[in-house]
1. What's the angle, to the nearest 10 degrees (0 to 90), between helix A:292-301's Cα axis and the longest principal axis of chain A?
2. Within the set of other residues whose C-beta is less than 13 Å from the C-beta of A:S209, count the net charge using Lys and Arg as +1 and Asp and Glu as -1.
3. Long-range amide H contacts for A:S64: which residues qualify at under 5 Å (H placed 1.01 Å from N, peptide plane, sequence gap of 5 or more or a different chain)?
4. With all pairs of different alpha carbon atoms counted, what Kirkwood hydrodynamic radius in Å does the range A:370-487 show?
5. Gap in Å between the Cα centre of the range A:428-460 and the Cα centre of the range B:6-85?
6. Per residue of B:71-82, count partner chain C-beta atoms within 10 Å of its C-beta, then hand back the mean as an integer.
7. Any chance you could give the angle, 0 to 90 degrees and rounded to 10, that helix A:6-16 forms with the longest Cα principal axis of chain A?
8. By counting other Cβ atoms within 10 Å of each Cβ, how are A:C60, A:C100 ranked from fewest to most?
Amino acid sequence: MRSYLIPHIVANAVERVPDHVAFKHGADALSYEALWTEAGCLARALHEMGARKGDRIGACFGRSIKSAVALYGITLLGCVYVPLDPKSPKSRIRSIASSCDMSILLVDEMQTRSLLSEEGGLDGVKHLVGTNRVIGGVKCWSWADVASLKPIADLPKGVDGDLAYILHTSGTTGVPKGIMHSHYSALSFASLAAELYDLQSDDVFGLHSPAFFDASMMGYLSVPYAMGRSIIIPELYAQMVGSLAKLFSDEKITIWYSVPYVLIQLLEIGAFEKYDYEHLNWLLYMGEPFPLGQLRQLMERLPHVRFSNVYGPTETNQCTYYHLPDIPSEDVPLGYVWGNSSYKVVDRDDHEVSGGEEGELVIRSATTMLGYWKRPDLNEKAFYTETTDTGQTEKYYRTGDRVRVDQEDRIHYLGRADRQLKIRGNRVELLEVESAILAIPGVREAACVAPKMGEDRRLLIALVSLELELSPSVEEIKQLLATTLPGYAVPEEIRVVKQLPRNPTGKVDYRKLTLSLTETE
Amino acid sequence: MLQRMRGEETMREIIITEIKTSIARDQEMDLTPEEDILTTGVLDSLGVMKLVSFIQEQFSIAIDPGEMVIENFINVLAMESFIKSKLASA
C-alpha cells in the first residue's frame, strides 16, 4: 500500500514487521503492533470526546514515547496534531490552545505540574488525556482509561493535501506562528529523508529533539517510514551529558541527529574515547553552523562515520543536505537542494541574482508547509510567486536566509537576512563576527547581538563562554579580532558568561539572550 | 566558601534555597531532598548548568563534565553525597 496519510506509515510497518520495536524511551518500548493499537485506542477516545476530522488536538509532551502515540492516534482520526512545549509559559500554551480552538489536550503529568495547577485553567479545554487528577470543569482521562477502549483500525477518509499537524515557532513579535503541514508535505519529507540517508529497518535513530521541534520529525516520521527504530532520548539524559554518552553507545545508535552543541558537549567529556560508537553510520547536524575546530576534532575521533549538514526552515521541513566528503578546512556549505525541490536566489527586488552573487534563498518543494495558521498577512509575505508563460503559478517559500551558490552548485549559508545589520553605517554580518570569535583558541561558544541604542545606533555585543584550561581575556579577544575583522565589526562590548542560553534542542536562544542583556541593565 | 564542615542539613538547605530563589524562581515551591528534580521539570537544561556552576563555587569543587551523570544530580540528596565524596577525595 502506498502511504499517503501519516497513519499509513504505521499500518504498513505492522503488516511487515509487527514485533519490531518502533520507539524506545528509557524502559518503555513500543513495537509497531503496540503503537498501532495504542494509536487506535487514542483515536477511539478522542472520538468519544467528540473530536472530528480536522479538529486540532494539543499534545503537550517533552521527550516522551506518548508523542509517537499522539501523532499517529490523532492523525488516525483525521484530526490535526499540535505538539506543545510543556515547559513553555502557561500564557503561551493558552494562546495556542485558544487560537487553535483546542478542546482536547494530551499531557504528561510529570512534565506539566504548573499547567495542571488549579488556578487559571485553559479556557476552552474540556478534556485532558494523561492524568488521573480531578480538575473542575475538565474531564480527565488516564492512559488506562484510553487503553480500555476498542481501538479504531480504519484509516480516515481524507486526501494527502489535508492539514495534518501544526508546529509553533516563536515569531518575531512573540506571538506564536503556527506552521501548517499536510500529510503530503509530511510523507514527502519522510520518504526523501529515508532515501537520502538510506534508512533501513535495522537502523537505530537517536531522536534528541523534543516533539514540538520540527527536527524531531525525522525520528517520528522518516524512521517509521523505513520501519526502523527511534530511541527517544529521555529528558534526564538530554540534561546529563555523561549519561547521554553512555546511552548513545548502549543503544547501538546507527544514525544520530541533533544540533552541534550536543555533539560538542559529548566531545568535551571525552565520550568518543570512553565509549564505543562502532555502530554509528551517520551523524547529522542542523540548526546552526558547526564551529569548524570542534567539527574537525569530532570527525577525527569518528573516522568511520559519515557526517552530513542538514538545513531547512520548519516551513520546509528540510531542503538541503551536504555529506562532508572529508575533514573540512573551511566553513561547511549547506550543500545541495534535495529531491522534489527547486530553488532560486533572489535580490531585494525579487530578481534572480546571477551566478555566485549573494541573495535570499527561496524554495519550492513537496515538503513545504501549507501556510501559517490563521495568518493571511504572514502567508502573503512568506511566499514568492511566479507565473509561467502558460499561466501556472509557482510558489516559493522565502527562507529569509542569505546564501550564494558556488561553481559546484553548492549553496553556502551567509547568515539570516535579519542578522545583517548596519553598525555606524557599515554592513556587519553577525554570523561572521561569531565565526571570527569562535576561531580564537580558548573560546567555547560565541553569540553576537546588536540591540538598538537609539534612533540609528546599535551596540555590537558579543557573549562568549571560555574553555577552562585556556581562557583568553576580553582584551586579548578584542586584539585578536582586530586582526581578522574590520574595526567596526569588532564588538564594542564582550561579556564572558558561563554558558549561552539555549532552547531545548540546544540551539542558541537569541531571544532569551537579548532579554538577559536588558535584564541586567 | 566553606570555612568549616557544615552539617548535612545545611548543605541540603543551601542547595534547596539556591534552586528556589535563583533557578526555579519559586520561593513557595515545596522541594524535598528526595524529590526528583530532573524529570519533574523543576530544572531545565539551563537550570542544571546554573546549579552546577553554583555548586562548584559554593563548595569549592571542580566538577568534571564527565561527572554530569543522572546518579549525581537526580535529587538534592544525590548532589549532597556527590559533593561530599568530591570534598573527601580532594
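1. The angle comes out near 60 degrees.
2. Net charge around A:S209: 0.
3. Distant-sequence amide H within range of A:S64: A:A211.
4. Hydrodynamic radius (Kirkwood, Cα pairs) of the range A:370-487 is 17.7 Å.
5. After rounding, the separation between the Cα centres reads 33 Å.
6. For peptide B:71-82, the averaged partner shielding equals 1.
7. Compared with the principal axis, the helix lies near 70 degrees.
8. A:C100, A:C60
Computed from the coordinates by the stated procedures, all read-outs in this text should not be read as laboratory data. Keep in mind it's a predicted model, so treat the numbers as computed, not measured. All Cβ positions, even for glycine, are placed from backbone atoms using ideal geometry, and neighbour counts span all protein chains on display.
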